[in-house]
């Protein structure tokens, strides 16, 4: 039983890594209708910026806040001067542009900071606590807490604020939004900027554990996409729950289903998605999309 | 307003002569080119076929598939296994096409009921689960060390060098695949795909079953992927789990879009992109390949959002615009510039930034 | 009138095409005959010799990959600055290195080889088993040396299977077996937990370890688990292994952040076994000192044949200082390397230097003969009691490894279990 709880707790911790990135992807999707493959790469760039500041003896929290601001600007600039051209066209082209952006950002990080593993300081102390007989690291708890806070903020943003409503309107129907007098361009920039800032937090949370390299977010990206689709493209709560579910079920399947084992445990999220989507095509918490024919 | 050049290319006799010229060049040029050029062209052929398969399901039928590379890898593994077991090469070829096709059919039957993004997710699962699976089934796949299969040596009666023989094989098999696919997408199936891509509800109401045609498109794509896998083994003669890596999968997707989605010629250009860009970036600076590849991809799509295949179209439009003469009134120029920026979208966005 | 114009058009196109075709067919490609063993091989002139490397310079393995180019570039950069290498045929030549990125994609590695093979004298130092295997057969049939490559795959050192190849680093089985033998020298009973990377690297280590403990009745392997190189965390595996209560942990892991997190996780679970780490992930500076206090473990063992650059024990070592300054000056690598491949690649350069000094004619055949005749050569940065020996068939250039134990600052060689 002790092992079981430990696996669940570890799964939540790993799942939080995916959730951090997934939240940023959901934000961009809600605000601009695009799936941004480069979200992870941008998060890595933000983490490098924060690391540079830390190495200049800036306190970690301040460094992260500054990198969030820098990422906001960067996200807005990328939207205005790169993505704008592709947002109204073929969605496949837009996705490939984000893929190109990912390659470029990764390459730039490698160029400036090399491929060596950089140690990123953790916001939380490295001690552990015991919960229900399982050993949890304080940094995992801290990460989970921060994720929950962000999730609540995002949920509130989209459902409760005028800005959130405006962002969603612009993504769903830009023409009508424009006719209603909304500053469409500016809202798109804000959407990307917020997502980039969120990515900066994700990067800072995840880097201490994964060790900062240009390709750090490549593996979590696939899991984050899985969590986004499983949880529903429209729901921050959904993707966090989905990410945790993926992390936990992966661990449990690896240990308790020997024919899956540790090498094929990566199949678990996809089997999960398949089963859930057969029953609920909009994902666990998503809203059904209605398209006028 | 004159479109005489366009009409010229549509005339049947012109098309026949172009075909003859292409075939003649395809026969003669490999005998003249140095070995590395032939090998590069053969690799372009392999990935052109792979991109063609992706185009069938994604470009023409509009279903996002990130799993095409899985079928290429599967075809390559079947070929490698068959060759190392000394099976008849014709049998190996048939199996390397059919087995991926059957797998694709099964996957499609299950996945086609789901929505677009769900299909994307299921297809992502293919290469991601395929890699550890290939490592696990090591009696068939050679595990993480991969399988070497040398079988495309030029027979002595032909008097050709190996690279020439391999290029001819690729041109022949690839060419036939392209022809068959072209007939498929230019016929009634192609029209059905286009309707399913455009609007599934409308398709259903017109009696075109989206489910049937999605399954068909996906199966055709996986069959073509199997052909590409066979050709991969002809040219590379080695396969390993890295053949179907997720990175290769998204590069294949990028190649399709850069070549030109829903276009036969675009598939060839996509294959060329897949093979030539890494070589180009290596030639510029091997330490900066990632940066350069990102820059090239973004630059190409920025200038030609419709892909490389849209270059003549874009040039023609610029040509006719300059020929129409500089209409000096700023609003018209601004409007046409905006029309360019909004590439094919039906309405324009209100205002600028 | 239209008809005549059409016919004229067709005839025109056909005529031009035929003319081009006939001209081209006339000048068919000059034979690419395999050079006879007396004529100089490609890639070598009286003043220069060119080496080719295809290795990952982008992607997840780019860290070690960049090192495989940096080390050899640094070595020959220094040599060239001092005038060049004196070959056995009397000529002094400068060494040029052409390196290409293959992104750990075997297809690109094969393409890079085809691009380089006619302009380089030999291929060397590339990283990765699948990437080297992809063009191994082609190199054999083209008679191009593929030597001193960075993979522990045994096939490259088997002369019958790979006449034109030679591995550099010890085969993985070697390293595992060395530790297995050390453990077998202990008289106490031991329970061993194993975590290995799910590929030929991990499997090789485990195979060697099992061979090393064969017959030792006091040693039982209680659990064997694997992980993927792309995993974000191995917490679940550690949880499972910790619950076995094993007192020895054989950890064949090549991913630096996962090693650090394993060292931390095991502690936090209250599991304190003796550890074994492979040679490429045991660096004190890059790994052990970045984890939480590792002195809680009764012993951290590793196998090594080269001095670790990030180890304080070698901070004043003359060879190390030269190596680091060469890296900075000639290879554009200013940081202290955290991957051992930089040092290994430097040793490859030194070994090739030895082979060049023995060559008497500028051909690939002679080069291979010279390369295979080096014995008991202590390359710079090698630990005492290890040496390069290329004369044993079935063994790579380096096959002696020392088992070492961490002493809080660096590693010290041990011969029996303590």
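The values are calculated or read from the model by the stated rules, or taken from the named source; none is laboratory data. Note that this is a predicted model, so its numbers are computed, not measured. Because the Cβ atoms are built from the backbone with ideal geometry, glycine has one as well, and the counts that use them run over all protein chains shown.
If you take the residues in segment C:179-204 that are under 10 Å from residue C:218 (Cα atoms) and in a strand (DSSP E or B), which one is farthest from the other protein chains (Cβ to nearest Cβ)?
The extreme case among them is C:190.
Does residue C:222 satisfy the condition of being touching a residue at least 24 places away in the same chain (Cβ under 8 Å) and either part of a helix (DSSP H, G or I) or crowded, with 19+ Cβ neighbours inside 10 Å (or both)?
So residue C:222 does not fit the description; no.
For residue B:81, are the conditions met, namely being touching a helix residue (DSSP H, G or I) at 6+ places or on another chain (Cβ under 6 Å), surrounded by 24 or more Cβ atoms within 10 Å (Cβ to Cβ) and farther than 13 Å from residue B:222 by Cβ?
no
Within the bounds of segment B:63-70, is there any residue that is in contact with a strand residue (DSSP E or B) (Cβ under 9 Å, 6 or more places away or on another chain), modelled with pLDDT of 95 or more and surrounded by 24 or more Cβ atoms within 10 Å (Cβ to Cβ)?
Scanning segment B:63-70 turns up no residue that is in contact with a strand residue (DSSP E or B) (Cβ under 9 Å, 6 or more places away or on another chain), modelled with pLDDT of 95 or more and surrounded by 24 or more Cβ atoms within 10 Å (Cβ to Cβ).
List the residue pairs whose Cβ atoms are under 6 Å apart, where the first residue sits in segment A:105-118 and is facing chain B (nearest Cβ under 7 Å), the second is buried (at least 17 other Cβ atoms within 10 Å of the Cβ) and part of a loop (DSSP other than H, G, I, E, B), and the two are 6 or more positions apart or on different chains.
Between residues of segment A:105-118 that are facing chain B (nearest Cβ under 7 Å) and residues that are buried (at least 17 other Cβ atoms within 10 Å of the Cβ) and part of a loop (DSSP other than H, G, I, E, B), the close pairs are A:106/A:214; A:110/A:214.
Against the conditions (1) within 25 Å of the chain's Cα centre (by Cα); (2) buried (at least 19 other Cβ atoms within 10 Å of the Cβ), where does residue B:90 fall short? Just the number, please.
For residue B:90, the exception is condition (2).
Among the residues of segment C:205-219, count how many are in a helix (DSSP H, G or I) and crowded, with 16+ Cβ neighbours inside 10 Å.
Count: 7.
In the set A:154, A:74, A:123, A:104, which member is more than 18 Å from the chain's Cα centre (by Cα) and in a helix (DSSP H, G or I)?
Just one listed residue meets the conditions, A:104.
May I ask you to verify whether residue A:85 is without any contact (Cβ under 8 Å) to a residue 12 or more places away in the chain and either surrounded by fewer than 18 Cβ atoms within 10 Å (Cβ to Cβ) or not in a loop (DSSP other than H, G, I, E, B) (or both)?
So residue A:85 passes the test.
Identify, please: which residue in segment B:221-250 is within 14 Å of residue B:55 (Cα to Cα) and at pLDDT 95 or above and is, among those, farthest from the other protein chains (Cβ to nearest Cβ)?
B:223
Would you call residue B:333 loosely packed, with under 14 Cβ neighbours inside 10 Å and modelled with pLDDT under 85?
Yes.
Tell me, which strands (runs of 3 or more DSSP E) lie completely within segment C:61-151 with 3 or more residues that are at the interface with chain B (Cβ under 10 Å from one of its Cβ atoms) and within 16 Å of the chain's Cα centre (by Cα)?
Once the strands (runs of 3 or more DSSP E) in segment C:61-151 are filtered for at least 3 residues that are at the interface with chain B (Cβ under 10 Å from one of its Cβ atoms) and within 16 Å of the chain's Cα centre (by Cα), what remains is C:92-101.
Kindly indicate whether any position in segment C:333-352 is closer than 20 Å to residue C:253 by Cα, part of a strand (DSSP E or B) and at pLDDT below 95.
Within segment C:333-352 (the criterion being closer than 20 Å to residue C:253 by Cα, part of a strand (DSSP E or B) and at pLDDT below 95), the answer is no, since none of the residues qualifies.
Can you say whether residue A:248 is surrounded by fewer than 23 Cβ atoms within 10 Å (Cβ to Cβ) and at the interface with chain C (Cβ under 9 Å from one of its Cβ atoms), as far as the supplied structure shows?
no
Restricting attention to segment C:383-404, which residues are over 17 Å from residue C:173 (Cα atoms) and surrounded by fewer than 17 Cβ atoms within 10 Å (Cβ to Cβ)?
C:384, C:385, C:389, C:391 - these are the residues of segment C:383-404 that are over 17 Å from residue C:173 (Cα atoms) and surrounded by fewer than 17 Cβ atoms within 10 Å (Cβ to Cβ).
Out of all the residues in segment C:349-368, is one or more surrounded by fewer than 21 Cβ atoms within 10 Å (Cβ to Cβ), within 13 Å of chain A (Cβ to nearest Cβ) and in contact with a helix residue (DSSP H, G or I) (Cβ under 8 Å, 6 or more places away or on another chain)?
Looking for residues that are surrounded by fewer than 21 Cβ atoms within 10 Å (Cβ to Cβ), within 13 Å of chain A (Cβ to nearest Cβ) and in contact with a helix residue (DSSP H, G or I) (Cβ under 8 Å, 6 or more places away or on another chain), one finds none in segment C:349-368, hence no.
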